[in-house]
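The values are calculated or read from the model by the stated rules, or taken from the named source; none is laboratory data. Source: prediction; values computed, not measured. Counting neighbours? That spans all protein chains shown, and the Cβs are built from the backbone with ideal geometry, glycine included.
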Amino acid sequence: MKSSIIIPIKPFPVKLDQTIDKNKLKENVIYRMSFEVDKRYEQLVITFQGEKIRWFTCNVYHQNEVRGQALQTMKKPMETICIGSEEKYNCATSVPGMIMPGFWEVEFEIIPDENETIELEVHYELRERGEVSHDYLENQRCIYGPLKQVYTTKKWYKGDFHTHTHYSDGAMTRERNLESAKNQKLDFFVATDHNLVTHYWPNEGEVVPFPGTELTAPGGHGNFLFVEQPLFRNGSLSDMYSEEGMNRIIECNLHNGIFSINHPFLSPWAWLMRDTKLDMVTSLEICNDPTYSDNCLATEKALTFWSVLLNDGYQITGIGGSDSHLLPEEKYPEATEPSLIGDPSTYIYAEGLSADALKAGIQAGHAVLSRDGFIDIKVRGEELLPGDMLLKGTGVLEVLLEREEPTKIQWVIDGKIVKVEEGNGASYEYQFEDGSYHWIRVDIRDTEDRFIGTTNPFYWGMKQTSLQTWGEALDEWNRQKSNTL
């Protein structure tokens with residue numbers, strides 16, 4: 001059975017930026033349609049036709065469960081969503097299962113070219129017998145759920161927590177992502193396409209992809225890492241257009257992966273939602289694709305903001321993300337080096353290469369972030385990792401770099417640089433009083449002070465947090481900056 005629906009799209013009244021009233025904005029960009037399924041079918045195929053659309057997000061629901069997703073930009077043609085009873089009848093962004101009787105809902109976020117009046121034509125076909133999806137891979141696996149092969153070695157695993165494919169606005173296929181990650185000697189990465197989960201991947205085994213989603217809203221972007229289901233289950237795309245709605249999405253998915261705020265100071269995608277509760281944030285993306293020119297300053301802001309959170313008693317884990325959108329041979333305008341998956345890399349000490357083990361490593365702060373090789377930091381004579389509590393108030397921290405180029409090693413205590421050394425190794429003797437609260441980490445820079453990497457802190461003592469929301473932390477960060485001027 002075939003049918004189609006035409007949806008008229010209102011002209012978009014103003015340029016999209018973060019100064020727009022988001023509640024008014026959603027009236028112009030959120031659309032819905034529904035159709036009734038009369039009996040059980042083996043496959044549902046939905047195709048779209050439309051031009052002059054800058055941004056297009058789609059969720060297909062049945063009984064509040066997300067069964068299919070798509071995201072388009074002007075860079076590529078409109079996708080086809082295949083949902084079917086068997087894996088081979090599904091595209092990489094849909095959830096398998098029979099097409100059951102009842103009403104099916106389709107929700108769209110559509111941003112057209114400025115002041116354009118357009119139409120979106122939606123075609124759907126209900127098939128009694130399924131056909132193989134256009135993007136099905138003969139040797140594929142679903143990355144939801146446990147790995148078929150379990151890696152149980154305790155060690156540092158090298159990965160990337162922010163990547164994209166052509167299923168959203170990335171240039172690379174799933175195969176090219178895996179090839180590029182292998183060339184970068186990654187052990188894993190988390191696939192974080194915008195607002196959807198790309199969960200069927202080639203079953204290659206050398207580099208392990210994990211499922212994630214970049215929650216992409218007008219007020220900021222955040223990753224959910226190691227998700228087990230789509231983010232909008234029992235929700236709506238329109239929730240992204242208010243702080244109340246965003247808090248609802250985040251709270252409803254705290255069991256569905258680790259929440260991390262992305263490029264928090266990269267305009268125009270900075271995190272502006274002041275009501276976000278800090279106790280919902282497990283990790284913070286300190287460094288995002290350093291080949292993108294605006295990220296140099298954004299990284300420096302993220303480092304100092306992170307220090308404010310740490311000083312307040314939060315043990316939020318600092319991680320990195322390449323935010324890879326380009327082909328490995330491509331560069332951003334004015335960039336001197338290509339934008340690559342794994343730049344920067346985040347090393348996680350975990351009990352094995354599995355979602356549960358990596359999540360535990362992040363939650364414990366056992367993480368090192370680097371553009372150029374591992375940063376090996378230890379407490380002399382003790383088996384401690386970054387993120388751990390120091391056992392004694394006095395001791396010696398030692399750091400050794402894989403990086404061979406001339407390097408500055410900055411010892412940072414409570415947000416202040418207390419010692420700078422040059423070379424590929426250094427040590428620092430710390431001395432903290434009983435009953436006090438402190439933390440110490442190492443920041444790594446090249447000889448021109450450009451950011452290379454950082455470790456998560458070692459902690460001494462505990463502190464009751466006083467800041468509750470992102471907005472309160474921003475105010476404190478700005479207050480401290482003004483006091484130093």
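Scanning the stretch 392-420 for residues that are assigned to a strand (DSSP E or B) and either more than 26 Å from residue 480 (Cβ to Cβ) or outside the structural domain of residue 442 (by TED's automatic domain parsing) (or both) gives 394, 395, 396, 398, 399, 400, 401, 407.
Once the stretch 320-363 is narrowed to residues that are of a type in the set (A, V, I, L, M) and touching a Pro at 6+ places or on another chain (Cβ under 9 Å), the residue that is surrounded by the most Cβ atoms within 10 Å (Cβ to Cβ) is 341. Return a yes/no flag: does the stretch 327-334 have any residue that is in the same structural domain as residue 156 (by TED's automatic domain parsing) and touching a helix residue (DSSP H, G or I) at 6+ places or on another chain (Cβ under 9 Å). Yes, the conditions are met somewhere in the stretch 327-334.
Tell me the residue from 440, 377 that is over 27 Å from residue 289 (Cβ atoms), β-branched (Val, Ile, Thr) and either part of a loop (DSSP other than H, G, I, E, B) or in contact with a Pro (Cβ under 8 Å, 6 or more places away or on another chain) (or both), please.
Numbers: 377 fails: over 27 Å from residue 289 (Cβ atoms).
Unique residue meeting the criteria: 440.
Annotation note: Cβ proximity below 7 Å between a residue of the stretch 390-408 that is closer than 14 Å to residue 454 by Cβ and a residue that is in a loop (DSSP other than H, G, I, E, B) and of a type in the set (Ser, Thr, Tyr) (sequence gap 6+ or interchain) occurs for 408/447.
For the condition modelled with pLDDT of 95 or more and assigned to a loop (DSSP other than H, G, I, E, B), what is the one hit in 77, 96? Among 77, 96, only 96 is modelled with pLDDT of 95 or more and assigned to a loop (DSSP other than H, G, I, E, B).
Scanning the stretch 314-337 for residues that are of a type in the set (S, T, N, Q) and modelled with pLDDT of 95 or more turns up 315, 317, 322, 324. Of the set (1) among the small types (Gly, Ala, Ser); (2) part of a helix (DSSP H, G or I); (3) over 18 Å from residue 312 (Cα atoms), all apply to residue 453 but (2). Of the residues making up the stretch 224-239, those that are touching a Lys or Arg at 6+ places or on another chain (Cβ under 8 Å) and either over 27 Å from residue 287 (Cβ atoms) or assigned to a helix (DSSP H, G or I) (or both) are 235, 238, 239.
Within the stretch 157-194, work out how many residues are within 10 Å of the chain's Cα centre (by Cα) and part of a loop (DSSP other than H, G, I, E, B).
Residues meeting the conditions: 3.
Exactly one residue out of 88, 76 is within 21 Å of residue 197 (Cβ to Cβ), surrounded by fewer than 15 Cβ atoms within 10 Å (Cβ to Cβ) and among the basic types (Lys, Arg), and it is 76.
Right, residue 116: part of a strand (DSSP E or B), in contact with a strand residue (DSSP E or B) (Cβ under 8 Å, 6 or more places away or on another chain), closer than 28 Å to residue 26 by Cβ and not polar (S, T, N, Q) or not? So residue 116 fails the test. Residue 445 passes every criterion in (1) crowded, with 18+ Cβ neighbours inside 10 Å; (2) without any contact (Cβ under 8 Å) to a residue 40 or more places away in the chain; (3) within 28 Å of the chain's Cα centre (by Cα) apart from (1).
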